[in-house]
2 protein chains.
Amino acid sequence: MLVLGVDCGSESTGFGLVASDGRRHRALVSGAIRSTPAMPFAERLHRIHGGLTELILAHRPDCMAVEDIFFARNARSALKLGHVRGVVLQAAAAQGLPVAEYSPRAVKSALTGYGHADKIQVLHMVRSLLDLASDPETLDASDALAVAICHLHSIGAAAAARGAS
Amino acid sequence: MLVLGVDCGSESTGFGLVASDGRRHRALVSGAIRSTPAMPFAERLHRIHGGLTELILAHRPDCMAVEDIFFARNARSALKLGHVRGVVLQAAAAQGLPVAEYSPRAVKSALTGYGHADKIQVLHMVRSLLDLASDPETLDASDALAVAICHLHSIGAAAAARGAS
């Protein structure tokens, strides 16, 4: 099972590919697609779309995992984040990739056991669970790996529940 | 000059291609890309992206014109609309199409002389300015033709200003 986690952001969209045999997870690649505020917004969206499409075509993950953000601080930031998420979801649909969505609280809870954990606590758990020798490139990459791990835990729990029934 | 106007919406995204020789405008094609709420949201975004990409490849417009919506009623509706706008802008960028953005008030004002005109008033002016024998297919298609006309007026005014200077 190969999961592409994505952390949406207009200036930096994190990504992380996590492979799992059902017991152990390992990170194949992680990083962030960056753009400068000077770039036209449509170009930034196109760069994010192109970067994710390349990753999907190169690695053929089984699923994309992203945070579902229904409550942003305000309408303006929600609108901007929505643009990025739209492009990310469409990039998945264009390649026939199913998308799993988790609330930020569910991701933090899955990783640390605490729904209000901060990004550094999540980073430490990402390093530990993936047995990484060093920190991921950025906190956005760490968050992307985290949502991928959350998905693996979620389907692992579902499989365990099926096995027990 | 051929302008593709787009009216973004998650259930119905209107489009309208308007050709102009600088004095007279005419509608080449207009309509709406529809999806049902039962479709997964990523699939709806993919359908909008695919529909617009087909239009762009078939007609090779010089520019896309869309409304710039920075203030939605609430964060949730802003987020949803943002997803659609993101896909629309990326579809343009992917084909190297420049995007012109106008506020809803600017579009209404350009069409009717009144920034708070309703959709029916805009529809009447779209019919009149494009010399249409019947109403556009939907109000979303009318709004898409309206933003295309707004762009043509805007660049016409800019050209006139350059000629006068």
If you take the residues in segment B:101-132 that are over 16 Å from B:Leu17 (Cβ atoms) and among the acidic types (Asp, Glu), which one is surrounded by the most Cβ atoms within 10 Å (Cβ to Cβ)?
B:Glu101
Taking segment B:133-165 only, how many residues are at pLDDT 95 or above and surrounded by fewer than 19 Cβ atoms within 10 Å (Cβ to Cβ)?
0
Filtering segment B:75-124 down to residues that are hydroxyl-bearing (Ser, Thr, Tyr) and either closer than 26 Å to A:Arg44 by Cα or in contact (Cβ under 8 Å) with a residue 60 or more places away in the chain (or both) yields B:Ser77, B:Tyr102, B:Ser103
Please verify whether segment A:94-110 includes one or more residues that are touching a His at 6+ places or on another chain (Cβ under 9 Å), in a helix (DSSP H, G or I), within 12 Å of chain B (Cβ to nearest Cβ) and within 20 Å of A:Ser12 (Cα to Cα).
no
From (1) within 10 Å of chain A (Cβ to nearest Cβ); (2) over 12 Å from the mean Cα position of the chain (by Cα), pick out the condition that doesn't hold for B:Ala58.
(1)
Every residue from segment B:45-55 that is within 14 Å of another protein chain (Cβ to nearest Cβ) and of a type in the set (A, V, I, L, M, F, W, C):
B:Leu45, B:Ile48, B:Leu52
A:Gly50 fails exactly one of (1) closer than 17 Å to A:Val126 by Cβ; (2) not in a strand (DSSP E or B), namely (1)
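Table: residues versus (1) among the basic types (Lys, Arg); (2) part of a strand (DSSP E or B); (3) closer than 20 Å to A:Ile155 by Cα.
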residue	(1), (2), (3)
A:Val18	no, yes, yes
A:Arg23	yes, no, yes
A:Ser30	no, yes, no
A:Glu43	no, no, no
Given the conditions (1) touching a Cys at 6+ places or on another chain (Cβ under 9 Å); (2) under 14 Å from A:Gly86 (Cα atoms); (3) not aliphatic (A, V, I, L, M), which single one is not true for B:Glu67?
(2)
Criterion: within 8 Å of chain B (Cβ to nearest Cβ) and among the small types (Gly, Ala, Ser) - qualifying residue of A:Ala42, A:Ala133
A:Ala42
Please verify whether segment A:61-70 includes one or more residues that are crowded, with 17+ Cβ neighbours inside 10 Å, within 13 Å of chain B (Cβ to nearest Cβ), assigned to a helix (DSSP H, G or I) and touching a residue at least 60 places away in the same chain (Cβ under 8 Å).
no
On the basis of being of a type outside the set (A, V, I, L, M), surrounded by fewer than 20 Cβ atoms within 10 Å (Cβ to Cβ), modelled with pLDDT of 95 or more and out of contact with any Cys (no Cβ under 9 Å at 6 or more places or on another chain), does B:Gly31 make the cut?
yes
Checked B:Gly86, B:Gly82, B:Gly5 against criteria (surrounded by 24 or more Cβ atoms within 10 Å (Cβ to Cβ), away from chain A (no Cβ under 14 Å) and either modelled with pLDDT of 95 or more or touching a Leu at 6+ places or on another chain (Cβ under 7 Å) (or both)); the one match is B:Gly5
Confirm whether A:Ser142 is assigned to a helix (DSSP H, G or I) and more than 9 Å from chain B (Cβ to nearest Cβ).
yes
Residues that are without any contact (Cβ under 8 Å) to a residue 40 or more places away in the chain, hydrophobic (A, V, I, L, M, F, W, C) and under 20 Å from A:Ala93 (Cα atoms), drawn from segment B:19-54
B:Ile33, B:Ala38, B:Met39, B:Ala42
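The values are calculated or read from the model by the stated rules, or taken from the named source; none is laboratory data. On a predicted model such as this, the values are computed, not experimentally measured, just so you know. Heads up, the Cβs are rebuilt from the backbone with ideal geometry, glycines too, and the neighbour counts pull from every protein chain shown.
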